[in-house]
Amino acid sequence: LCTSNLPEPAVIPSEHFNTLLYSGNGGTPRVLTGVGFQPDWVWTKSRSYASSHYSFDSVRGVQKYLSSDTTAAESTHTAMLSSFDSDGFTLGNSTGVNRAANTFVAWNWKANGSGSANTVGNIDSTVSVNTDAGFSIVEYTRASGDGVASIGHGLSKAPDLVIAKRTNDAMSWYVYHSSLASNTEIYLNLDNASASGATMAAPSSTVINYNNLDPMTKIAYCFHSVEGYSKVGSYSGNDTSDGAFVYTGFRPAWVMIKAHTTSEPWSIRDSARSTYNPTNKVLRPDQNSSEL
């Protein structure tokens, strides 16, 4: 038995997702490397002091950010992220992403650049898609009178997870999860339990569906599970000291968890901040708190 006789993996995880840790220096420009690819979704968070999360993607364009811990509309800031680079990204001197003498984490996903036009569904969209990794970034604008929206997501199968945010006005982050009951959703900016709602219907193999009829512009981050790389699922807690075992088929580099039957904060853990078990360094996407 030797590795040369094993089949080549369909997806090499480090080529599609990576976590980068860095310390702020207040300088500009601040060029950060070591991601291993040009990222298309960069999600940054201060670890050592309380500050919002900042999310940037290549479809909306650099300098435009959203914060998962607020309902706020998209903002533009020239001193935040200024470019997506071949091995990382470049920051300005904003204290939100580059405060001197403070520590930060950046989670990075690869899609396919600024995206291309997608005419699947009844509303045209711009889609940046990485079919190998089961990840796409979708932006669309729904005009008044368009009816129920179906928007092409570009993936090869139906997404298991969709995280969506209105960008041109204040609104909660809606999260569709395939393990939840039909017409049930959770909210990335809240610790609430899941709620019955009709904002996001179950996606198909070609489109994501929104029942909200308001005119708006939205961004959506879509994922489906990929063997050996990603897993979207659910589990039941057992209230024991050992906790529940959740089989993924690989050692995860990034885990985001939300209890949906009760009010409980979200949690994000990763293998860069916690290099050995227990992985007890936690950041909460619904809060602006420092690392727990």
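The values are calculated or read from the model by the stated rules, or taken from the named source; none is laboratory data. Keep in mind the model is a prediction, meaning the values are calculated, not measured. Neighbour counts run over all protein chains shown; Cβ positions are idealised from the backbone, glycine included. The protein model used for the area step is the full one, side chains on, heavy atoms only, and it has no ligands, DNA or RNA in it. Shrake-Rupley method; radii C 1.70, N 1.55, O 1.52, S 1.80 Å.
One table, with the values for the structure above:
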{"quantity": "Residue satisfying all of: in the range 240-256; of a type in the set (A, V, I, L, M) and open to solvent by less than 50 Å² (accessible area, probe 1.4 Å); nearest to Ala106 (Cα to Cα) among these", "calculated": "Ala253"}
{"quantity": "Hey, Gly115 crowded, with 22+ Cβ neighbours inside 10 Å, at pLDDT 95 or above and of a type outside the set (Ser, Thr, Tyr) or not", "calculated": "yes"}
{"quantity": "Close pairs (7 angstrom Cβ cut-off, 6 or more residues apart or separate chains): among the hydroxyl-bearing types (Ser, Thr, Tyr) in the range 9-23, open to solvent by 40 Å² or more (accessible area, probe 1.4 Å) and modelled with pLDDT of 95 or more anywhere", "calculated": "Ser14/Gly36; Thr19/Ala253; Thr19/Trp254; Ser23/Thr103"}
{"quantity": "Some residue of the range 56-63 being without any contact (Cβ under 8 Å) to a residue 24 or more places away in the chain and outside any strand (DSSP E or B)", "calculated": "yes"}
{"quantity": "Tally, over the range 229-256, of residues that are closer than 19 Å to Ser178 by Cα, among the small types (Gly, Ala, Ser) and touching a residue at least 40 places away in the same chain (Cβ under 8 Å)", "calculated": "3"}
{"quantity": "Residue within the range 9-25 that is under 25 Å from Pro285 (Cα atoms) and surrounded by fewer than 13 Cβ atoms within 10 Å (Cβ to Cβ) present", "calculated": "yes"}
{"quantity": "The range 257-292, residues that are under 23 Å from Ala181 (Cβ atoms), touching a Phe, Trp or Tyr at 6+ places or on another chain (Cβ under 8 Å) and crowded, with 17+ Cβ neighbours inside 10 Å", "calculated": "Lys258, Pro285, Asp286"}
{"quantity": "Any hit, the range 187-196, residues being polar (S, T, N, Q), free of Cβ contacts under 8 Å to residues at least 40 places away in the same chain and open to solvent by 40 Å² or more (accessible area, probe 1.4 Å)", "calculated": "yes"}
{"quantity": "Those residues of the range 142-155 which are crowded, with 22+ Cβ neighbours inside 10 Å and of a type in the set (Val, Ile, Thr), in sequence order", "calculated": "Ile151"}
{"quantity": "Test for Thr240: is it within 23 Å of Tyr22 (Cβ to Cβ) and among the β-branched types (Val, Ile, Thr)", "calculated": "no"}
{"quantity": "Members of the range 95-128 found to be closer than 21 Å to Ala201 by Cβ and not polar (S, T, N, Q), listed by number", "calculated": "Val120, Gly121, Ile123, Asp124, Val127"}
{"quantity": "Failed item in (1) closer than 29 Å to Arg30 by Cα; (2) open to solvent by 10 Å² or more (accessible area, probe 1.4 Å); (3) touching a Pro at 6+ places or on another chain (Cβ under 9 Å), with Ala158 passing the rest", "calculated": "(1)"}
{"quantity": "Complete set of residues in the range 115-154 that are in contact with a Phe, Trp or Tyr (Cβ under 8 Å, 6 or more places away or on another chain) and not in a strand (DSSP E or B)", "calculated": "Ile123, Asp124, Ala133, Gly134, Val148"}
{"quantity": "Conditions (1) under 26 Å from Pro13 (Cα atoms); (2) β-branched (Val, Ile, Thr); (3) modelled with pLDDT of 95 or more; (4) assigned to a loop (DSSP other than H, G, I, E, B): number failed by Thr70", "calculated": "(1)"}
{"quantity": "Qualifying residues in the range 60-89 (those that are within 14 Å of Arg166 (Cα to Cα) and among the aliphatic types (A, V, I, L, M)) - the one least open to solvent (accessible area, probe 1.4 Å)", "calculated": "Leu66"}
